[in-house]
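See structure below.
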Amino acid sequence: MSFTVEETKIKLQSTGDDLVFFVNGKKITEKNAEPEITLLTYLRRSLGLTGTKLGCAEGGCGACTLMVSKYHPHQNRIIHHAVNACLAPLCSLHHCAVTTVEGIGSVASKLHPVQERIAKAHGSQCGFCTPGIVMSMYALLRSNPQPSMHDIQEAFQGNLCRCTGYRPILEGYRTFTKDGGCCGGKGQTNGCCMTNGCIEEHVNVTQKLYDQSEFMPLDPTQEIIFPPELMVIQPQRELRFVGERVLWIQPCSLKELLELKATYPNAKLVVGNTEVGESHLILACFWLTGIEVGASVTLTVLGDVLRAAVKKLPAHQTEVFKAVLEQLRWFAGQQIRNVAVCHVSLPEIKSVLYKLMDLKKTAFKQSPRKEDDIAIVTSGMNVLFKEKSNIVQSIRISYGGMAPVTSKCISFTQSLFDCRQWNEELLEQACTSLAEEMSLSPSAPGGMVTYRRTLTISLFYKFFLTVQHKLALDLRMELDSPSGVQLYQAVPPGDNSDDVVGHPIMHLSALKHATGEAIYCDDIPCYENELRLALVTSTKAHALIKSIDTSDAMEVPGVVAFISAKDIPGSNLTGPVFNDETVTCVGHIVGAIVADTQAHAQRAAKAVKISYEELHPVIVTIQDAIANKSFYQPVRSMERGDVAQGFKDSDHILHGKMHIGGQEQFYLETNCTVAVPRGEDGEMELFVSTQAASKTQALVAKALGVPANRVVCRVKRMGGGFGGKESRSTILSTVVAVAAYTTKRPVRCMLDRDEDMLVTGGRHPFFGHYKVGYMNNGRVNALDVTLYSNAGNSMDLSLSILERALFHMDNSYNIPNIHGTGYICKTNLPSNSAFRGFGGPQGMMIAESWMCDVALSCGLPAEEVRRMNMYKEGDFTPFNQRLDQFTIDLCWEECMQLSDFNMRKEAVEQYNRQHRWTKRGLAIIPTKFGISYTAVFLNQAGALVHVYSDGSVLLTHGGTEMGQGLHTKMVQVASKTLGIPCSKIHITETSTNTVPNTSPTAASVSSDLNGMAVYNACQTLLQRLQPCIDKNPKGCWEDWVSIYFLTPDLGYDFNTNSGRAFNYFSYGVAVSEVEIDCLTGSHKVMPNNLHTSIVMDVGKSLNPALDIGQVEGGFMQGLGLFTLEELRYSPDGYLYTRGPGMYKIPSFGDIPIELKVSLLRDAPNEKAIFSSKAVGEPPLFLAASVFYAIKDAITVARAESGLTGPFRLDSPATPERIRNACEDKFTKLVCINFHSFPWLPL
């Protein structure tokens, strides 16, 4: 509740009430509760409970999930709910009991079964999301000790994970259900994966990643007791909590509330606080008559009441209840539904809340992602027929998303439906009328104008079919319980029980992840006199800075300084750290505010006034760059064979284009740095969430003007990286270091999600056009490809990324005559950078586009054309590297068998013959991914191994842990080499003062490089110990009680097209089957891909559990890249998609219904540690199988409309693109002439 300055001074002079609540069973009495502080901030900063994480600050990722319990006297029971701590105001917790992840168990004392099972089921990688997932499950079990899989999936709708692919989490928690663990065959007699052919013929194959018989049983009687004090009914009275700027008043009656609202009409009223910043009139009680619901009823309670009514009342009286329940399933996550109230802007259900008890009611919601997503278009429809006829008596139709408010089709329904038969003639006239009435301006907010207008017609047609053919149950997407199969080569029994290489051992930090005890950068306890930093960034994409006014900012309480370019003691050329003259993107760092608290720093940063002189042109897209010839140098090209002659010898030539959108890394832990000046000789200690410790050290040293030996960079672990923290993390760490140097005090900054997405960039968007010469049988004879990448406002790593795209422009296909050219586009966007795959997926995606076009042009099955053109052992790539140990043909054959491809294809064809408006597609896609840094000098690593007198070993290496299990694998390598148990080996952190000059942890080579460095270091130690061993050969390790590795013969020259670009290649093949809705563009990857099978060559796996986790996680990240995630900018370069509310990554409901992963057996790799292979990046591209399965389904749908041959489908294949590609009689009714388009997908 906000007041004028005078009113605030008067109110703030009064003494507030005590805030009383419990945290993990301990009573908290806060005498100075600050209304503007969230529960998350209070837990982390005041109570030191850092297990609850900050991921997005808008309730969209679930990292901050905890349980809030409260006694409800009217129901006479205790209610347990999962809640987003980042949205919960501290003052809303009066007389509540809060349970955090620390409160249910710990490694030191005793684990809770929820914590143990996610860890032992390998459901944790980076671990940053794990506490939130644990608490969502814990809250569910407190209310329902024996949930169904449907209950579990619903509980996780508000949780995101960027690493695991979700499958191991669901399988680990399936053991809590009534049915317990379940095999991939779902218990079918002949469907079990342990009895099918792919197992029988390999006696050394296993799928057991963990033993669920070892899990602790769940005992509900041992849970934390709800404080009896909170069950005593207290006399109701008004409560007041006085803050620095805000007075929080909690009235105890509706009368008091209305009086306060009348006195302070501009005051903010808070109930759910699910949309920070909105204001709604909230009533304090509710009534339920029909569907009349009180304003403060939460959506969870509403759902419970409606479900009870559906069970109790006759079916004809509950049609509207079912429609509302259908929409509630997909509205937000469970944490939001637990606190969100009915009287808020819920367009997804608002249009269906009619008091109707008639024949047919249906509600539709179309969104980019089915779960926890904002709708593009919603619709509520109700039709009443005259008794015993198909004559329409009345109809009501409304749409959300077609205007600022819900739109009702009043004139449309009156003129067309009264006393008309429900038949095809009515449908035709209705669609024509809808096309005219539901119009949008081409520049309408939100864009997607053609798609939205088409949806209004398509959704009505779905309603028409629902009524006419009684298909309501078939048209609704039900939550299917996913199943999975994981196959890998079993390690034969050996004599040494300590040798754990090849065994699926648990991630070393998994238990700490699950208990919240794993320490991340922002979890480090605050230093004395520590300051917080907030960035001041540009709001213009291309401009000169005329002036910077910080006067208002310096008036904010707690502000210490404004840091700018003039404060830099060293070089401002590398980076640069600050830009105070010219800015070249929205989000360019201009300066920074340091203050005593984060809230004060952020408030002051917003108060900094910058005057600009705008410059032109503003270049945003690749097309803008081409038109303005805005390119970085050099232009890269690669050629093999005689391309001109190849085209002459070809039977046919086709041309095509494809655009591949960018992608945000969306690591759950945003960039964070803590800088601590050490007070002498310019020393600075940095704690950073980065993949490149040495690079951070070097750039900070240059900015501070000191030698690198004065700067120490430490990395304990990261909450995800995916390449986004390889180079872009330095733009924050240099700023924080300069601030710490200037103020002589420790400085900390963890970026908010919207800041991180604004300033760091992401995956490079690519545009490619190609010319392909091919024979009648589908054999490709010549190819000419031109690639353009959107680099942003600096080169960063763009040259290496473009080079890797060219290296992969052939994917897995042997093209005898091939030429590729690559351009790096200079635009006014934040600099794009490394992302898992590093340009490889973009190059391969365009390769699969022209391969698909060739198959369509020849009228041949795509799988036959792909197989025909595939490389063979001993073939040479376009960069003249011979393919040795080529295993992709083995992967292909196993994947065909694993997926039952031929039978599946017959079933797909039969399904498509029987269904007009849903189509299924099937695709099999290979991948060939080169392993090594293309920058040769980076192919090195170091390790330091200390052996202490008690026999324990301290291991340090140059790689960083970000969830990929690198530390775990390095311990396995050291354990095998030294011949001692893993329990004797410990890794503390990565630091530049132990292993210097390290390469970034990237390019999928960290296990190869660091593993060999660890091996060499251990071998050196064994040589030193050999005299002791010789003296006591029967002794043990305790009795007997840096290194450099360079990958040989690597280096490629673009000028001569010679050299060895990669150390080796990783191969894989995937088959995916999908189903699309031709009327809306939805595809059953979301919520359910019908099937995916993956076969991946990882050599001899160091750890099958970790490798399978990387395969599944990479696949799901690729699924987001190719089907879901879309960055949208304004023409002025402003990023609209800045957080999980607008930018959607795959969620729990997006994983395939059936997911099979097999690690190729008997394929050792002699070029890496213990015959293993890299696994981080190669699997990502296999998600292209989903994209091309979608394209296959679209092809069938287009054929029904008489459209054949190649067609363009850009990536990602969003519902909008799918629907528009499925051209039919409805899309022809909507014709848009675009003059302006404010949303530019990149």
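For the reader, a short list of remarks on this structure follows.
- Of the beta bridges in the chain, as assigned by DSSP with both residues counted there, near 80 percent are antiparallel.
- Put simply, the convex hull of the Cα atoms in segment 913-1061 casts, on average, a shadow of 16.2 nm².
- Computed FRET value (nearest 0.05) for Asp179 with Lys1225, which takes r as the C-beta separation and R₀ as 60 Å: 0.85
- In terms of overall dimensions, the C-alpha atoms belonging to the chain reach 89, 77, 69 Å along their principal axes, ordered largest to smallest.
- For the pair His915 and Arg882, a Förster radius of 45 Å applied to the C-beta separation gives a FRET efficiency near 0.40, rounded to the nearest 0.05.
- His655 paired with Lys629, simple spin-label distance in nm, labels 7 Å along Cα-to-beta-carbon: 2.1 nm
- Rounded Å value of the spacing that divides the Cα centres of segment 507-556 and segment 726-782: 19 Å
- Accessible surface calculations at 1.4 Å, restricted to protein heavy atoms, place the chain at 37 Å² per residue.
- Pairs of Cα atoms nearer than 8 Å and 6+ residues apart set the relative contact order; for segment 1102-1164 it is 32 percent.
- Zone residues, segment 770-791, relative to Thr821, backbone N less than 14 Å from point 7 Å out along Cα-to-Cβ: 770-771, 784-789
- Across the options Val854, Thr934, Ala430, the greatest Cα extent toward the positive end of the charge dipole of the chain (unit charges at beta carbon of Lys, Arg, Asp, Glu) belongs to Ala430.
- Measuring nothing but alpha carbons in segment 711-810 and taking Rh as the Kirkwood radius, the Rg to Rh ratio lands at 1.19.
- Our helix-only sum for the chain, with -39,500 (n - 2.57) per DSSP H run of n ≥ 4 divided by its residues, gives a mean residue ellipticity at 222 nm of -8500 deg cm²/dmol.
- Euclidean distance between Cα centres, segment 592-625 to segment 875-940, Å: 44 Å
- Pairs from Lys110/Lys976; Lys606/Lys695; Lys322/Lys365; Lys512/Lys695; Lys120/Lys208; Lys1100/Lys1167 whose Cα-Cα separation, in the structure shown, is over 19 Å: Lys110/Lys976; Lys606/Lys695; Lys512/Lys695
- Taking 0.36 nm per residue of separation and subtracting the Cα-Cα distance, full extension of the segment from Lys312 to Glu259 would add 15.1 nm.
- Sulfur and carbon atoms: percent of accessible area, the chain [1.4 Å]: 52 percent
- Modelled FRET efficiency - R0 60 Å, Leu427 with Glu893, Cβ distances, 0.05 increments: 0.80
- Protection proxy ranking for 1146-1158, 605-617, using the average of other Cβ atoms within 10 Å per residue and placing the highest first: 1146-1158, 605-617.
- Dipole in debye (nearest 20) - the chain, about Cα centre, beta carbon charges: Lys, Arg +1; Asp, Glu -1: 1560 debye
- Dimensions in Å of segment 1060-1216 - Rg and Dmax from alpha carbons: 18.0, 56
- Length released on extending from Met554 to Glu639, taking residue separation times 0.36 nm less the Cα-Cα span: 24.7 nm
- Whole-Å distance, taken between Cα centres, linking segment 204-247 and segment 1111-1134: 35 Å
- Looking at segment 672-739, the GluC sites (Glu not before Pro) that sit in a DSSP loop and have at most 15 other Cβ atoms within 10 Å of their own Cβ are Glu680, Glu683.
- Shape call, segment 55-170: gyration tensor on alpha carbons, a/c limit 1.5: prolate
The values are calculated or read from the model by the stated rules, or taken from the named source; none is laboratory data. Worth saying up front: this structure is predicted, and the values here are computed from it rather than measured. Cβ sites come from the backbone with ideal geometry, for glycine too, and all protein chains shown count toward neighbours. With ligands, DNA and RNA removed, areas are computed over all heavy atoms of the protein, side chains included. Shrake-Rupley method; radii C 1.70, N 1.55, O 1.52, S 1.80 Å.
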